[in-house]
Amino acid sequence: MTLSAILPKPALEQIWFTRCPVPTASGIAYKLGWLGDEFAADGLSVSTLQEARQLGHHHYDHELPGLFREGGNVPALAARAAGAPSRLIGLTWIEEWQTILVRPDSGITRPEHLKGKRLALPAWGDSRPGSIARAMSLHGYKGALSLAGLGFDDVQLVEVALHDQEQAPNPQEGLQRLWSGLDYLARGEVDAVYVKGASAADAARRLGLVVGIDLDLIAEPRYRINNGTPRPITVHQSLLDNHFDLVVRFLAQTLNAADWAANNRDGLNAILEEETRAGSAGVAEAYRGDFHTTLAPDLSAERLDFLGIQKDFLYLHGFLERDFAIADWVDPRPLQAAHELLAKRRA
């Protein structure tokens, strides 16, 4: 028997989870009360980092042992590259209105029309993990330009200042401020801006901007690889080592929530208005088709390949401190066990 098997496991006083303002199975499970119910018998409360502002930095550094994170891959990859003891336990892929916005009179309706144009590029943030808008914009433009055989040398990337989201009059406008290039576009100082999500759809409507290129309509998903495609679920290594069963049960509830969402589109949209800080029109515009049937995480070879492409892109453009192997990061055991647990509960 090993020493680690003899020593008592560190106690866990609380379960934390964090998600981005996007459709997530964990966020839905939380809103439905299922995460709280799951761990109530263990005497463990479930709280979100969004409700504990003093711990908000852990959304980026992944140093909180009891944390589950379902969010954008830029902070997750950057934290892992910086040495954070995190493990990848699931990936989701949700189409969420990745578009290139333009002015109505721009004449930009196809990727080739971007040649020679001024594309807004948000400035670097305070840190690599925090430079999400810049990373998203850069890869979004690459996807669009690649469709026309173009590259960054064929356009003018115009750096735009970041907006202070904390000073926004309300949470809805605060999230819209993530896309700082929109004001530049409305003033005619740039020609196109990459955006995604329901809050961006609301902002476009407010500013009178239109979709020039809709990346979601491209058949090949490879052109939409970005911060949320694929979106990782990650945990601290110590949570896996010492409380594996809790990780499995958490994932089982996310799978349960994904199944619920697939059959409750109206109920899901109501939850998403709160989760995405957007209006009903923005939610309806951003989340189209059968997106509600694809919220369940998996670790398919395709999604892992796409995450590797995103990791390589981020490393090439300076968002990661060092390179690392995705295969060394992933642990498929909890998700497999969660499927088995859910099947047993439903039997």
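Each value in this text was obtained by applying a stated rule to the coordinates, not by laboratory testing. All values reported here derive from a predicted model rather than from experimental measurement. When we count neighbours, we look across all protein chains shown, and the Cβ atoms used for this are built from the backbone with ideal geometry, even at glycine.
Across 5 Å bins from 0, what is the distribution of all Cα-Cα pair distances for region 272-313, in whole percents?
Calculated over all Cα pairs of region 272-313, the distribution is 5, 18, 16, 17, 15, 19, 10, 0 percent.
In terms of modelled amide H atoms, which long-range or inter-chain residues lie less than 5 Å from the amide H of Phe68?
Here Trp16, Phe17, Thr18 satisfy the definition.
With the cut-off at 22 Å, tell me which of the pairs Lys142/Lys311; Lys142/Lys196; Lys31/Lys344 have Cα atoms farther apart than that.
Violating the 22 Å limit, Cα to Cα: Lys31/Lys344.
Taking the Cβ-Cβ separation of Thr293 and Phe152 as r and a Förster radius of 25 Å, what is the calculated FRET efficiency to the nearest 0.05?
My answer for the efficiency is 0.10.
Using Cα positions and a limit of under 19 Å, work out the aspartates and glutamates in reach of Lys117, with same-chain residues fewer than 8 apart set aside.
Asp105, Asp153, Asp154, Glu159, Asp183, Glu189, Asp191, Asp214
Kindly put Leu35, Leu64, Leu114 in sequence by how many other C-beta atoms sit within 10 Å of each C-beta, fewest to most.
Leu64, Leu114, Leu35
Once amide H atoms are placed 1.01 Å from N in the peptide plane, what residues at a sequence separation of 5 or more from Val158, or on another chain, have their amide H within under 5 Å of its amide H?
Excluding prolines and chain starts, which carry no amide H, the hits are Leu119, Ala120, Leu121.
Loop only by DSSP, 16 or fewer other Cβ within 10 Å of the Cβ. Give me the trypsin sites (Lys or Arg not before Pro) in region 203-236 that pass, ordered by residue number.
none
I'd like to know how region 139-295 sits against the 2.2 N^0.38 Å rule of thumb: what's its Cα Rg over that expected value?
Working it through for region 139-295, the quotient is 1.23.
May I ask you to list, by number, the DSSP H helices of the chain whose Cα span along the axis is at least 27 Å and whose average Kyte-Doolittle hydropathy reaches 1.6 or more?
None pass (Cα extent of 27 Å or more, hydropathy at least 1.6).
For every other residue with a beta carbon closer than 9 angstrom to the beta carbon of Gly71, add +1 if it is Lys or Arg and -1 if Asp or Glu, then tell me the sum.
So the surrounding residues net to +2.
Pop the C-beta distance of Phe324 and Ala219 into the FRET formula with R0 = 35 Å and round what comes out to the nearest 0.05.
For Phe324 and Ala219, the calculated efficiency is 0.65.
Give, rounded to the nearest 20 debye, the magnitude of the charge dipole that the chain has about its Cα centre when Lys and Arg contribute +1 at Cβ and Asp and Glu contribute -1 at Cβ.
200
Tell me, what does the Kirkwood hydrodynamic radius of region 99-224 come to in angstroms if you use every pair of distinct C-alpha atoms?
Taking every pair of different Cα atoms in region 99-224, averaging 1/r and inverting gives 14.5 Å.
For the chain, state the semi-axes of the equivalent ellipsoid (square roots of 5 times the eigenvalues of the alpha-carbon gyration tensor), sorted largest first and rounded to whole angstrom.
35, 21, 19
I'm a student and want to see the number: the projected area of the Cα convex hull of region 219-347, averaged over all directions, in nm².
That works out to 10.0 nm².
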